[in-house]
Amino acid sequence: MDKAKRKAIIAGNWKMNKTPKEATALLNEITPLVKDADCEVIACVPYVDLAAAIEATAGTNVKIGAENCHWAASGAFTGEISTGMLKEIGVEYVVLGHSERRQYFGETDETVNKRTKAALAAGLKPIVCVGELLWERECDITEEVIARQIKLDLWDVSEEELKNVVIAYEPVWAIGTGKTATADQAEEVCAFIRAQLAKLYNQDAADAVTIQYGGSMNDGNADELLSKTNVDGGLIGGASLVAEKFAAIVKAASK
Ligand code: 13P
């Protein structure tokens with residue numbers, strides 16, 4: 001399958017930024033700028049912004065995602081949010097296993113896997129993040145790290161369910177640092193991810209998965225990164241908070 005047949009997806013990951021009012025204002029700026037996009041456009045926003053974001057994007061081509069979800073349907077999990085809560089208000093996507101959750105909040109491949117399966121069972125589309133630390137790259141174990149994350153995070157996810165999974169390759173050393181992986185580095189690992197998926201499922205299933213790159217992607221480097229065969233989109237942090245920059249990346253993905 002060639003790249004043109006895969007769905008290009010540009011998703012903003014707002015992280016812990018913007019109040020509900022600010023979210024509405026930013027989305028009101030973004031939606032007219034991306035209305036002709038020839039790719040899927042998503043804004044993943046903090047939980048308290050979700051309702052405002054869904055309202056602000058109603059009737060537009062911008063979809064809304066959450067930044068995490070819990071695996072249990074309900075119960076004694078103070079501070080957590082269930083997939084059912086997200087679905088009921090109209091959330092479509094959910095970022096899972098982001099390196100900031102792994103680094104600062106003890107997220108493990110086991111919990112990423114539980115969340116991924118719960119999201120899929122609820123009809124949410126998970127954006128599963130994988131990526132190596134700088135230290136791991138320097139020790140030349142990037143492929144081992146990625147292979148392990150892909151295998152564990154997608155454990156027990158069926159081929160049918162895989163159709164609703166997006167993978168984001170986010171080298172941890174490139175996040176928020178201004179250090180982007182070169183387009184060749186991004187392509188190398190995204191191609192490796194696809195090869196792992198082909199091993200775990202089959203080539204057709206692997207060829208259909210959208211694999212994003214994330215890590216200091218911006219309006220200046222998006223063109224080159226997105227021109228690569230296995231880079232099907234971007235998961236954007238900082239630049240997704242500036243309407244013109246985010247729109248420029250969407251434009252690059254629409255070519
Ligand atoms: P930056 O684009 O700010 O580097 O963040 C990338 C990221 O973590 C997206 O999930």
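Here's the yes/no breakdown for (1) over 21 Å from Gly65 (Cβ atoms); (2) among the hydrophobic types (A, V, I, L, M, F, W, C); (3) part of a helix (DSSP H, G or I); (4) in contact (Cβ under 8 Å) with a residue 12 or more places away in the chain:
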residue: Thr177; (1), (2), (3), (4): yes, no, no, yes
residue: Phe192; (1), (2), (3), (4): yes, yes, yes, yes
residue: Ala198; (1), (2), (3), (4): yes, yes, yes, no
residue: Val209; (1), (2), (3), (4): no, yes, no, yes
residue: Gln212; (1), (2), (3), (4): no, no, no, yes
residue: Thr229; (1), (2), (3), (4): yes, no, no, yes
residue: Leu235; (1), (2), (3), (4): no, yes, no, yes
residue: Val250; (1), (2), (3), (4): no, yes, yes, yes
Practice task
From Thr24, Thr31, Thr19, grab the single residue that is touching a Ser or Thr at 6+ places or on another chain (Cβ under 6 Å) and either basic (Lys, Arg) or surrounded by fewer than 23 Cβ atoms within 10 Å (Cβ to Cβ) (or both).
Solution key: Thr31
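For (1) buried (at least 20 other Cβ atoms within 10 Å of the Cβ); (2) more than 24 Å from Glu170 (Cβ to Cβ); (3) without any contact (Cβ under 8 Å) to a residue 40 or more places away in the chain; (4) among the small types (Gly, Ala, Ser), each residue gets a yes or a no:
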| position | (1), (2), (3), (4) |
| --- | --- |
| Asn61 | no, yes, yes, no |
| Cys69 | yes, no, no, no |
| Ala72 | no, yes, no, yes |
| Gly84 | no, yes, yes, yes |
| Phe105 | no, no, yes, no |
| Thr116 | yes, no, no, no |
| Ala119 | yes, no, no, yes |
| Pro126 | yes, no, no, no |
| Val130 | yes, no, no, no |
Problem - Filter result for Lys151 (surrounded by fewer than 18 Cβ atoms within 10 Å (Cβ to Cβ) and under 22 Å from Ala8 (Cβ atoms)) - result: no
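Residues that are within 20 Å of Val48 (Cα to Cα) and touching a Lys or Arg at 6+ places or on another chain (Cβ under 8 Å): which helices (runs of 4 or more DSSP H) entirely in region 60-130 hold 1 or more of them? Don't jump to the end; show me each part of the working.
On the way: elements: 83-89, 99-104, 109-122.
Hits in region 60-130: 99-104, 109-122.
Laboratory data are not the source of any read-out in this text; all were calculated from the coordinates shown. Keep in mind that what you see is a predicted model, and the values were worked out from it rather than measured. All Cβ positions, even for glycine, are placed from backbone atoms using ideal geometry, and neighbour counts span all protein chains on display.
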